[in-house]
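Scroll down for the structure; my scribbles are underneath it.
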Number of protein chains: 2
Amino acid sequence: MPSLFQRLLSSVVLSLIAMTIFAAESTDGSEPARLPVYSAENPLKIGMLLFDGFEMLDVFGPLEMFGMLGDRVSIVTLGMEPGLVRPRNGPAVQIERDLGDAGQLDLFIIPGGVGTRSLVNNAAMISALKTVSEATPKVASVCTGGALLARTGLLDGLEATTNKLAFDWVVSQGPQVLWIEEARWVDAGKFASSSGVSAGTDLALALIEQYFGRVTAEDVAHRTEYVWNDDPHNDPFARTLEPLEK
Amino acid sequence: MPSLFQRLLSSVVLSLIAMTIFAAESTDGSEPARLPVYSAENPLKIGMLLFDGFEMLDVFGPLEMFGMLGDRVSIVTLGMEPGLVRPRNGPAVQIERDLGDAGQLDLFIIPGGVGTRSLVNNAAMISALKTVSEATPKVASVCTGGALLARTGLLDGLEATTNKLAFDWVVSQGPQVLWIEEARWVDAGKFASSSGVSAGTDLALALIEQYFGRVTAEDVAHRTEYVWNDDPHNDPFARTLEPLEK
C-alpha cells in the first residue's frame, strides 16, 4: 500500500501533468497561430523604413509602442543609404542601415508621408522594398506607405487600406489591390496596412497583441497613456462616412 | 445732390466700415486674448527640447500636429549642444541648435523620457531651461518633462500635471507645484503641462486651437486621422481612478 508521502507525490505529479495539458490546450484555443516567444535572447526584429519626407507620427507612433517592449524587440531604421533624412517640418533622423543590408527581419514597417509622391517612381527603392518584403514574414504599411508597398505588386489581390484624404492617389498606385474605404487597419495575413498617420499606432498595438498577447498590448497602451482604438472596423475617418463637420 | 456713383461709393464705404467693426467685435467676443496672426511671413516659432533618453511620442506627437501647419510654424530642436541624441529604443535625432542660441521663441516644449531621471540633477541643463523658459511667452511640458520644468522653480505655486505612473517621482522634483492627479493636461497660463506620452498630442492640438482657432485644430486632427481628446478634464489614466483591468 502506498505511503501518505507517495500518494501526495503522485497527486502533485498528476496535477502538474494536468496543468501542463490544460495550459497547452488553452494556448491552442486562444492563439490561432503559434508564434515564437520573443525575449531579450530572441528579440522581435523590426525594420522601419525612413526616407526624406516621411511623416513623423507614421514612424514614431509605432516605434513608441514597440519601443516600450524594451529588449524584447530590436529596432533598426532602414533606407536607401545610411545617413540623415528629414521628415516634413521636423528634425533629421538617422537611417542606421541600408535596405540591402537589412538582415533577417520579423516585421518590416513602411511609413507614409509627402516623400512617397516621388518614391513611387523610384525603381531602385521599389525593387529594394520588394526584396525586403519578400524576405520578411510580416510587412506593415502606414498611411501612404501603402502606395510604396502597392508599387511592389505584392499587395495585388489582397485587401488593404490607406490614408483617407490621399485615398484616390494611393489606389492609382495599385489598381489590383482590394482597397477598403472603411477600416482603421486591415490585416491580410502577411501584409497589414493602416489608415492615415495616427492609425499606424493602433495597428502597432494590434501587432503587439499578435506577437506578445493582449495583456502586453494593453500594458503598453496604459504606460503610454494611449486610448487604443483596438477595433480595425472602427474608422472615424472612413470615406464612406459623411465628411466631418467643421 | 450726390450722383448715383457717389451714393454707391459712400454705401460701399459705410458697409466696409461696418464689416470691419463687426469683425473686430466678433474677434473680441470669441477670442479672450488677442494673439498675433501667425503666417509664412511671421511663423509661430517653436523650440523642442531633445536629450538622450527622450520619449519618442512626447516629441513627435506634438511635432506631427504643429508640423501639419506648414510654413505657419517654424520648428527648431534644441539641446545642450548640436548633434545627435537617441531616444530609448529608437533612431538618433538631430539637435539643431544649442539651448543658449535658441533665439526668441513663441513656444518652448519640454518632453519627458527616461533621460529626465538624471537630467533633473544636471545644473547646467536646468539653468539653461530656466533661461529659455523665462524668455518665452508659452512653455509646455509633456510627461516627465514636467520634472525638468519643476526643477527650474518656475512652476512653484502653479497647477500642473505629469505622467501618471511616474507621478510620485515628478512630485518629488517640485514639491511646491500644485500637481493635479486627474487631468489630460493643465493650462496654467504661461505654463502648460500634459500627462504621459500620448497626452502631449492632445495638448498640442489645444495649443493649436489657442494660436490658430478651433477650425484649424480640428482640421489638423482630421488630416492626421487623430481622435482628439479635446477635454483637459477627461483623463482616462487619472490616478484618482481605479487601476485599469488587465
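Key figures for this structure:
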quantity	calculated
Other copies of residue B:76: label-to-label distances in nm, shortest first, labels 7 Å along the beta-carbon direction	3.6
Residue A:215-residue A:190 pseudo-label distance in nm [points 7 Å out on the Cα-to-Cβ vector]	3.3 nm
Kirkwood Rh and Cα Rg combined as Rg over Rh, evaluated for the range B:117-243	0.98
Axis-nearest residue of A (beta carbon) for the A-onto-B rotation, whole Å	A:60, 2
Inter-copy label distances at residue A:130 (7 Å, Cα→Cβ; nm, one decimal)	6.1
Cross-link partners of residue A:130 among lysines (Cα-Cα below 16 Å; sequence separation of 8 or more within a chain)	A:138, A:190
Under 5 Å, built H, 5+ apart or other chain: amide partners of residue B:52	B:86
Heavy-atom accessible area ranking, 1.4 Å probe, most first, across A:154, B:57	A:154, B:57
Gap separating the Cα centres of the range B:173-196 and the range A:127-200, nearest whole Å	40 Å
Antiparallel DSSP beta bridges within the range B:98-200, percent to nearest 5	25 percent
D_trans [Stokes-Einstein, Kirkwood Rh over alpha-carbon pairs] for the range B:56-189, 4 °C, 1.567 mPa s, µm² s⁻¹	85 µm²/s
Copy-to-copy label separations for residue A:157, where each label sits 7 Å from Cα toward Cβ, in nm and ascending	7.2
Area of residue A:130 that stays accessible when all protein chains are in place (1.4 Å probe, Å², to 10)	80 Å²
Average silhouette area of the range B:169-211, convex hull of alpha-carbon atoms, in square nanometres	3.4 nm²
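The values are calculated or read from the model by the stated rules, or taken from the named source; none is laboratory data. From a predicted model like this one, the values you see are computed outputs, not experimental measurements. Glycine gets a Cβ as well: all are built from the backbone with ideal geometry, and neighbour counts include every protein chain shown. Calculation scope for accessible area: heavy atoms of the full protein, side chains included, ligands and nucleic acids excluded. Shrake-Rupley method; radii C 1.70, N 1.55, O 1.52, S 1.80 Å.
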